Amino acid sequence: MLQCQRKSPKVADSSMRVCALLWFIVLAVNGFAPALAAAAASPPVHEYRLDNGMRVFVREDHRAPVVVSMVWYVVGSVDELNGTTGVSHALEHMMFKGTERIPNGEFSRRIARAGGRDNAFTSRDYTAYFQTLHRDHLPLALEMEADRMANLILSKDEFGKELRVVMEERRWRTDDRPDSLMYEGLMATALLSHPYRQPVIGWMNDLKNMQVEDARNWYRQWYAPNNAILVVVGDVGGEEVHELARKYFGGIAARELPARGKFAESEQRGPRRITIKAPSELPSLLMAYRVPKLEDPEKDWEPFALDVLEGVLDGHDGARLQAALVRGSRLAAAAGAGYQGVGRGPGTFLLSATPSEGKTVEELEQALKAEVRRIAAEGVREDELARVKAQVVAAQVYARDSMFAQARQIGSLEAIGLSHRLIDRQVERLREVTAEQVQQVAQRYFNDDALTVAVLRPQPLSGKRPPSPPSGLRH
Amino acid sequence: MRDRALNALVAALLTVLTLASGSAHALLPIQDWKTSSGARVLFVENHDLPMLDVSVDFPAGSGFDTKEKAGRAAFTQRLLRLGAGGLSENEISRRIADVGAQLGGRFDSDRAGVNLRTLSNPAEREPALEVMAKVLLEPEFPEDVLARERLRAIAGLKEADTKPDTLANRAFSRAVFPDHPYGLRASGEVATVRGLAREDLIGFYRSHYLATRAVVAIMGDATRGEAEQIAERLTAGLPRAASEPDRIPKVDDLARAADIDIAHPASQAHILIGAPGIRRTDPDYFALFVGNYILGGGGFESRLTDEVRSKRGLAYSVYSYFMPLERRGPFRIGLQTRGDQAKAAIEVVMRTLREFLGNGPTEQELEDAKMNLIGGFPLRIDSNRKIHEYLAVIGFYDLPLSYLEDFVPNIRKVDVAAIKAAFARHVHPSKLVTVVVGGGVAAAAQR
C-alpha cells in the first residue's frame, strides 16, 4: 500500500525518505518509476500451466489496444552468496546482449520498431523483463523472450563492458547518495545472516571481481521455464495468450532447479546502531524493526495490522507523523514510515526522519518512538482506521488505470509464492483489521531489542578526501 | 463485463490516422468550453473506470518569479493546500484521505495548479471537490504555516546544495538562462525564501491565479453536465485581472560557450551540456522531437546510449532532450560517469553530437524512429492519467484540439532534411554550456 514516486528533481524538499529508499530494493536497467499501487476489485485472471512447468497469468483490460507482457524469474539477490552479490542484476543487464538469432542490441530495437518499450527490473526476490506494445505485436515479444530464456550468449567481452555500466549504476544509485548508503548499511546491520542483508546491486568489490562464468552459472541454474512466470495484461483473451505461450515457450525443457537456501535470521539480542558519514547538510535517521511478514493470508492478521499502522502513521499529509512531528512540534523537516512485509525474506518496519534545523536525531528518535508508544498505549481512533481503509479501497480502483501496475502486482505476488488472488483478498483482510489489532502489533514489535538505527552524520563537501576511483577491472 | 469505450475511442483515432487527411471533425472527443468566469475547460468523458481526474492550472510557474523573490511562485502554489476556506492543513489532508482521494499540485517553469484524482461516486467525489474548490478559491496562506514552511524549505535548499545533481542543475540553468527567470531555481534560494512574506504570496495569487487564464482539464467518469458544474464550481470565485497579466520575457541566444567546473567529492562527475532550445509552438517541434529520439531520446536505441553506454560502458544513463516551454526551454544532454572518465565521456558526447549535426540521421534510423513513434502512439493514450495530462497541456499551450489526431501525420511528415535543418537552426555546438560537478580529485586534475 505504500506508494512511491521518484521525486521530481525540481523539488528541494527532502520529504519521505522511506519512500525514496524503497526504490533501492528494485533496480531497473534504465530509470523508470511506476507506482506500486494496491490493485483492483479486479476483473478475473486467467491462469494456466504449461507442460514444462511455466505458469501463465492473463488479465484482460480492453480499454486500449495495448498489452503489457512480463516474464518473471524467481531469482533475486536473496538467492546470492557473498562474493557474487549482484549477479542476478548483472545477468538482467546481459539479457539484452543477444542470442544466435537475435544479435546484441536487436531485442530492444525490434521492440522499439514495433512501437513498444521494454526494460527489466531486479529485486531481492525476483528478476522480471517487460514489454509494453500494441496488442498485435505480443507474439514478437513472446517469441524473443522465449529465445533469450534458452539461448542467451554470455560473452566475456560484453560482460566486461556491461559490468562497467553496472558499476556506474552503483555509484549513481548508492555510493554518491547518503540516503542509499544509510539504507544499505541499515539492512546489512539489522540482518546478520539472512541474504536480505545484501544490496540488490551487489557490493562494489563483488562487482569488480565478478566473472562471466558467474553469470553463466546463474543463467544455467535459474533461467528455466519451471522457474518462470508469464504475466500479460491488456487487450487480449486468456486462451489466445495461452496458445502463444505454448507455441513459443512450450518447447523449452524443464530443468531441475538448485535447492533454495533455507535462511532464517536468528533472534536479535539488543539494539544495533551504525553511523554513516557522507557529504550532506542535514543529519537524518532511519530505524528498522523486525516484524512478521505475510505467510498465510487467511490465518495471519498481524501483517495487515502492520499495514494499517503504517497508514495511520504516514498514510497522508495529515497522518500522525506529519501532524505531530512536522506540522505540530516541528521537530522534523520530514518524517515517514514504511512496512515491507510481502517478500521471500523477513519483514521490516521502517521509521525515518530528518530533524529541523537545531534539532538532533536523538530527539527525533525519541519522538518517533513516542508516536508508536502512544498507539501501543492508547490505540488508534476509529476515524483514523476508516481513513486508511478508504484509501486502500480507492487505491485499488486507481490501480486499474495502469496495465503496468496490474501486471506488476500479479507477478510480484506469484513470484514470491503468494497468489494473485491476494490482490483482492488483502483489501478484505485490511478492512477486517480492528483498532485493537493495530494497538497489539504496536505493543508487540516495537521494542528496542529488535531495533536497528542508522544515523547520517553530515560531512562538509570540502573537508573530506574523496574516494579514489577503482583502478581498472579484472576480466 | 467488457467496457470497450476507451478502446473504441483509440480505435476511432487510429482509423482516422490511417485515412487520408481532411476529416471534418476530431474523433478524439475532446469537448471544450468556457466557464462563466472565462476559464477554459477541456473534457473527455469516459466511464470505463469509476474515477475522475480534474486539474486546474494557471500561468503561474517559476517563469513568473523575479531574482529578488525567487521561490515566490512555488511557495504560493505550495501554500494553497495548507489552509483554505476555514480548513486547517490537517483538515484538508484528512478530508481528502477520508474519501480515498489524492490532491496534488503541478508546478514547473510555466504552470502552477492543483489536481485531484477521486472516485466518481458522488459520496466520495463531492467532498473531494469541495476541498479542491476551497484550496483554489479561498487559500488563506496562514502566517504560522508560512513561517514553518520557510524553515523547511531553507533546510531543504541547504541539503539540496550538497548534492551533485542539484549543483549541476543550478549551474546549468543559470548559465543557459542568464538574467531570465528560467535560470532561477524554482524553489528559490535561501536568502529569497527567507524574505518571502505573506503579502508576497497573496499578491502573486491575486495577480496570477486568474479566472480568465485558468485551464480546467477533466477526464473520466462524469457526464457533460456534471463536468460543467465541476468547472464552474472550481473557477467561479477566482481572482479577476486588475491589470494586464504578466508575460514571461523572451529568451535570448547565448553569446558564447561556457565551461563550468564545480568540485564535489562524489565518485561520479555529473555532466550537463546544452543551451536554450525551442518554444512549445515552434514549427520545428516535430522535426526536433523525431531527431532527438535518434540522438538521445529513444532509450536503448539512441546514438548517445549506443556510443557512451553500449560501446564503451561509460555511463548507466545518458540522454538528450528538448523541453519546449512558453518561451524557449532548454536543450540538454546529461550523463554521470566515474570522475576520471569525465573528459573522455564529454569527448564521445561532443563527437556524437557533431556527427549528428553534420550528417543528420540515416534513412534507416529515421524509419526506425518513425516506426516506434507511430506504432507506439496508442501507448501515449492508454490510460485516464495520460489522456488527462494531454488535455492539460493542450489547453495550457493552446494547441489545436486535433493535436492527438495530428500527432501521427506530423511524425510521418518529418524527413532527414527537415531534421538536419531544424537541428542546424537550434543547436550550435560552439555556443553550448558544459557543466561538470564532482568526480573527485582525479577528475578535477584532468580538467
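Can you compute the FRET efficiency between B:E138 and B:K250 using 1/(1 + (r/R0)^6), with r the Cβ-Cβ distance and R0 = 45 Å? Round to the nearest 0.05.
Once the sixth-power term is evaluated, E becomes 0.80.
Tell me, what ³J(HN,Hα) does each residue in the stretch B:325-333 have, in order and in whole Hz, if you take phi through Karplus 6.51 cos²θ - 1.76 cosθ + 1.60 with θ = phi - 60° and put x for Gly and Pro?
10, 3, 9, 5, x, x, 9, 8, 10
What nm distance separates the two modelled labels at B:R351 and B:D306, each placed 7 Å from Cα along Cα→Cβ?
1.5 nm
Between 0 and 90 degrees, rounded to the nearest ten: what's the tilt of helix A:403-415 against the longest Cα principal axis of chain A?
90 degrees
Output the relative contact order of chain A, whole-number percent, from Cα pairs under 8 angstrom with separation of 6+ residues. Mind dumping the intermediate values first?
Values: 915 pairs, mean separation 113.5, N = 475.
Averaging sequence separation for qualifying contacts and normalising by length gives 24 percent for chain A.
Hey, how many Å between the Cα centroid of the stretch A:163-192 and the Cα centroid of the stretch B:337-405?
So the separation of the two Cα centres works out to 31 Å.
Determine the relative contact order of chain B: mean sequence separation of Cα pairs under 8 Å and six or more apart, normalised by residue count, in whole percent.
After rounding, I find 21 percent.
Going by Cα centres, the stretch A:240-315 and the stretch A:68-138 are how many Å apart?
21 Å
Label points 7 Å out from Cα along the Cβ direction at B:V190 and A:S329: separation in nm?
Once both label points are built, they end up 2.7 nm from each other.
Only Cα pairs under 8 Å and at least 6 apart count here; give the relative contact order of the stretch A:53-249 as a rounded whole percent.
43 percent
Using each residue's phi in the stretch B:219-232, evaluate 6.51 cos²θ - 1.76 cosθ + 1.60 at θ = phi - 60° and report the 3J(HN,Hα) Karplus result to the nearest Hz, with x for Gly and Pro.
Using θ = phi - 60°, the values come out as 9, x, 7, 8, 8, 4, x, 5, 4, 4, 4, 4, 4, 4 Hz.
Could you work out how much longer the chain between A:S419 and A:E265 gets when fully extended? Use 0.36 nm per residue separation minus the Cα distance between them, nm to one decimal.
53.0 nm
When a/c is below 1.5 the answer is rounded, else prolate if a/b is larger than b/c, else oblate, so apply that to the protein assembly as shown with a ≥ b ≥ c taken from the square roots of the Cα gyration tensor eigenvalues. If you can, show how the numbers build up before the last one.
Values: a/c = 1.15, a/b = 1.05, b/c = 1.10.
Rounded.
Leaving out same-chain residues fewer than 8 places away, which aspartates and glutamates sit with a Cα under 14 Å from that of A:K277?
Answer for A:K277, where 14 Å is the Cα cut-off: A:D175, A:D176, A:D179, A:E184, listed by chain and number.
Distance between the C-alpha centers of the stretch B:238-287 and the stretch B:108-176? Whole Å please.
21 Å
Would you mind classifying the stretch B:63-183 by shape? Square roots of the alpha carbon gyration tensor eigenvalues, ordered a ≥ b ≥ c; an a/c under 1.5 is rounded, otherwise it is prolate if a/b is larger than b/c and oblate if not.
prolate
Of B:A227, B:A344, B:A128, which is the most mobile in a GNM of chain B whose springs link Cα atoms less than 10 angstrom apart?
Of B:A227, B:A344, B:A128, the most mobile in the Gaussian network model is B:A344.
Considering the zone a paramagnetic label at A:Q221 would reach in this model (a point 7 Å from Cα along the Cα-to-Cβ line), which residues of the stretch A:240-267 have amide N under 15 Å from it?
A:256-263, by backbone N distance to the label point.
Hey, rough spin-label estimate for A:R255 and A:I274, points 7 angstrom out along Cα→Cβ, what's it come to in nanometres?
It works out to 3.4 nm between the two label points.
Which residues' amide hydrogens lie under 5 Å from the amide hydrogen of B:L87, considering only partners 5 or more residues apart or on another chain, with H built in the peptide plane?
When sequence neighbours closer than 5 places are left aside, there are no close amide H contacts.
With the cut-off at 1.5 for a/c, could you classify chain B from its C-alpha gyration tensor as rounded, prolate or oblate?
Since a/c reaches 1.5 but b/c is at least a/b, the shape of chain B is classed as oblate.
Cα convex hull of the stretch B:27-235: how many Å³ per residue?
Residue-normalised Cα hull volume stands at 139 Å³.
Rounded to the nearest 0.05, what FRET efficiency is calculated for A:L192 and A:A377 with R0 set to 41 Å and r the Cβ-Cβ distance?
Values: r = 32 Å, r/R0 = 0.77.
Efficiency for this residue pair is about 0.85.
Among the listed pairs B:K69/B:K431; A:K262/A:K299; B:K163/B:K311; A:K293/A:K359; B:K67/B:K163; A:K156/B:K311, which have their C-alpha atoms separated by more than 24 angstrom in this model?
From B:K69/B:K431; A:K262/A:K299; B:K163/B:K311; A:K293/A:K359; B:K67/B:K163; A:K156/B:K311, over 24 Å: B:K69/B:K431; B:K163/B:K311; A:K293/A:K359.
Quick check: the angle from helix A:382-399's long axis to the longest principal axis of chain A, C-alpha only, nearest 10 degrees?
20 degrees
Of A:S352, B:S37, A:S77, A:S193, how do they rank once you tally other Cβ atoms within 10 Å and put the fewest first?
Working: A:S352 30, B:S37 18, A:S77 27, A:S193 10.
Least crowded to most crowded, the residues run A:S193, B:S37, A:S77, A:S352.
Give the long-range amide H neighbours of B:L335: residues separated by 5 or more places, or on another chain, with amide H under 5 Å away, using H modelled in the peptide plane at 1.01 Å from N.
B:I271
Whole-Hz Karplus ³J(HN,Hα) for the stretch A:159-174, in order, using 6.51 cos²θ - 1.76 cosθ + 1.60 and θ = phi - 60°, x for Gly and Pro?
Once θ is set to phi - 60°, the couplings for the stretch A:159-174 become 5, x, 5, 5, 4, 4, 4, 5, 5, 4, 4, 5, 4, 5, 7, 10 Hz.
Counting other Cβ atoms within 10 Å of each Cβ, which trypsin sites (Lys or Arg not before Pro) in the stretch A:249-326 have at most 13 and sit in a DSSP loop?
Answer by residue number: A:R260, A:K262, A:R269, A:K299.
Coordinate-derived values only; no laboratory data. In this text the structure is predicted, and so the values were computed from the model without any measurement. Cβ coordinates were reconstructed from backbone atoms using ideal geometry, including for glycine residues, and neighbour counts include every protein chain displayed.
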